[in-house]
Structures are given as C-alpha cells and as structure tokens.
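Each reported figure results from applying straightforward, stated rules to the coordinates on display, with no laboratory input. Bear in mind that the values here come from a model prediction, so they are computed numbers and not experimental data. Reconstructed Cβ throughout: ideal geometry from the backbone, glycine too, with neighbour counts over all protein chains shown.
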Amino acid sequence: MPELTEDATFRDEDWYAEDLADRHFVNCSFHRVDLTEATSRGAVFEGCTFGDVAFNVSRHTDSAFTRCVFTRCNLFEAEFTGCKLVGSTFDRCDLRPLTVAGGDWSFLTLAGGDLRGARFTGVRMRETDLSGADLTGAVLTGCDLSDAQWRGARLSGVDLRASDLTGLDPTTVHRAETVIDMMQAATIARALGFDIRD
C-alpha cells in the first residue's frame with residue numbers, strides 16, 4: 001500500500017533528489033521545500049498547496065497532482081510523463097522550459113503563465129485556461145485542447161499540429177507564424193463562417 005500522509009505541513013525542508021515513488025499526500029502544504037532533481041513514479045498529491053517550492057530538473061512519471069495549487073514555484077526543466085494534474089492551478093510560477101508528455105491536464109489554470117518554449121505532446125488539456133499565457137515558440141502537438149480558454153494568449157511560432165483546437169477563436173490571440181495542419185485550418189475557417197469548397 002502507498003504511504004499515506006494527510007493534513008501535514010512541510011516547511012523549509014531539503015528534499016533534494018528525493019524519491020517520492022508511491023507516496024500519497026492528501027491536503028498537505030509544502031512551503032519553500034527543495035524538490036530539485038526529485039523523482040516520483042506513481043505518487044499522488046490530492047488537494048495540496050505548494051508555495052515557493054523548487055521543482056527544478058525534477059522528473060515525474062505516472063503521478064497525480066489533482067486539485068493542487070502551485071504559487072511562485074520554480075519548474076525549470078521539470079518533466080511530467082503520463083501525469084494527471086486535473087483541476088490544478090499555477091500562479092506566478094516559473095514554468096520554463098517545461099516538458100509534458102501524455103497525461104491529463106484538463107481543467108487546469110495556466111492563465112498568464114510564461115510557457116515560452118514549453119513542450120506538450122499528446123496531453124489531454126480539455127477546458128484548460130491558457131488565457132493571457134505566453135506560449136511563444138512552444139510545442140503543443142497531438143493534444144486535446146478542446147474548449148480551452150485562449151483569450152489574449154501569445155501563440156507566435158507555436159506548433160499546434162494534430163491538436164484539437166475546438167473553441168479557438170483566432171481573432172482573440174496573437175498568432176504570428178503559428179503552425180497548424182490542413183485539417184485544423186479547415187476547422188478554424190468553418191468556425192469563422194467560411195464555406196469551404198473544392
């Protein structure tokens with residue numbers, strides 16, 4: 001059975017390179033905890049808060065951070081593979097350069113986030129709030145971005161190929177040199193009221 005920790009507070013602790021495999025935290029608070037180069041496989045964080053936590057160069061695989069709040073955290077070169085972050089919020093975090101492969105990041109709040117150069121591949125991101133986020137030069141390929149909130153987002157040079165862009169209104173985003181495929185182009189054209197014919 002996973003090791004369960006509930007309603008605990010961790011403050012000013014050094015968890016450098018900690019192995020968090022199969023740990024289970026519920027309603028816990030982490031303040032100024034150093035998780036640099038930490039790893040987690042199968043770990044679960046439910047309803048936890050992270051304040052000024054360093055996730056630098058940390059690696060997370062098949063782990064869950066559901067309904068968590070991240071405030072002023074540093075995720076420099078952090079990697080998430082097959083992780084679930086449904087319903088979580090990132091506020092004033094350093095998210096560059098973030099790498100995410102697979103997993104479920106739906107109903108997530110990344111509004112106003114600096115995601116320049118981030119890589120999201122094959123990620124479920126339904127109804128994720130990306131409004132005002134800076135995604136310049138980022139890669140979001142093969143992602144389910146249906147009904148995501150985009151208003152004011154910077155998509156300059158972003159690669160969005162093979163992603164579901166249902167709900168994207170291109171008139172509300174900065175879109176210079178944004179890369180999409182032919183099928184996406186047709187979907188967006190129809191959303192704008194164009195009648196596409198051969």
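May I ask you to derive the FRET efficiency for I196 and T121 from their Cβ-Cβ distance with R0 = 22 Å, giving the value to the nearest 0.05? Don't skip to the answer; put the middle values down first.
On the way: r = 28 Å, r/R0 = 1.29.
Rounded to the nearest 0.05, the efficiency is 0.20.
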Q. Distance in nm between label sites at V179 and D62, each 7 Å beyond Cα in the beta-carbon direction?
A. 3.1 nm
(Q) Using only the alpha-carbon atoms, how far is helix 182-191 inclined from the longest principal axis of the chain? Give it as 0 to 90 degrees, nearest 10. (A) 80 degrees
Q) Fully extended, how many nm does the chain gain between D7 and E46 (0.36 nm per residue separation, minus their Cα-Cα distance)? A) 13.0 nm
Q: Would you pull out the residues with amide H under 5 Å of R175's amide H, same chain only if 5 or more places away, H placed 1.01 Å from N?
A: L155
Q | Option label - Kirkwood radius over Cα pairs in Å computed here, alternatives (i) 17.2; (ii) 16.6; (iii) 17.8 | A | (i)
(Q) Report for the chain the percent antiparallel among DSSP-assigned beta bridges with both residues inside it, nearest 5. (A) 0 percent
Q) Sorting E18, E6 on the 10 Å Cβ count, fewest up front, what's the list? A) E6, E18
**Q.** Kirkwood Rh and Cα Rg combined as Rg over Rh, evaluated for the range 1-90
**A.** 0.91
Q: Would you please give the residues with an amide H less than 5 Å from that of F10, counting only those at least 5 places away or on a separate chain, with H modeled from the backbone geometry?
A: S29, F30, H31
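Once you have a ≥ b ≥ c as the square roots of the Cα gyration tensor eigenvalues for the range 59-145, tell me rounded if a/c is under 1.5, and otherwise prolate or oblate according to whether a/b is larger than b/c. Before the final figure, lay out the partial values.
On the way: a/c = 1.17, a/b = 1.08, b/c = 1.09.
Rounded is the answer for the range 59-145, as its axis ratio a/c remains below 1.5.
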Q | Cα→Cβ-extended label distance, 7 Å offset, between A189 and E37, nm | A | 5.3 nm
Q) Of D129, D34, D181, D14, how do they rank once you tally other Cβ atoms within 10 Å and put the fewest first? A) D14, D181, D34, D129
Q | Shape call, the range 100-177: gyration tensor on alpha carbons, a/c limit 1.5 | A | rounded
Q: Treat the count of other C-beta atoms within 10 Å as a stand-in for reagent exposure and order M182, M125 from fewest to most.
A: M182, M125
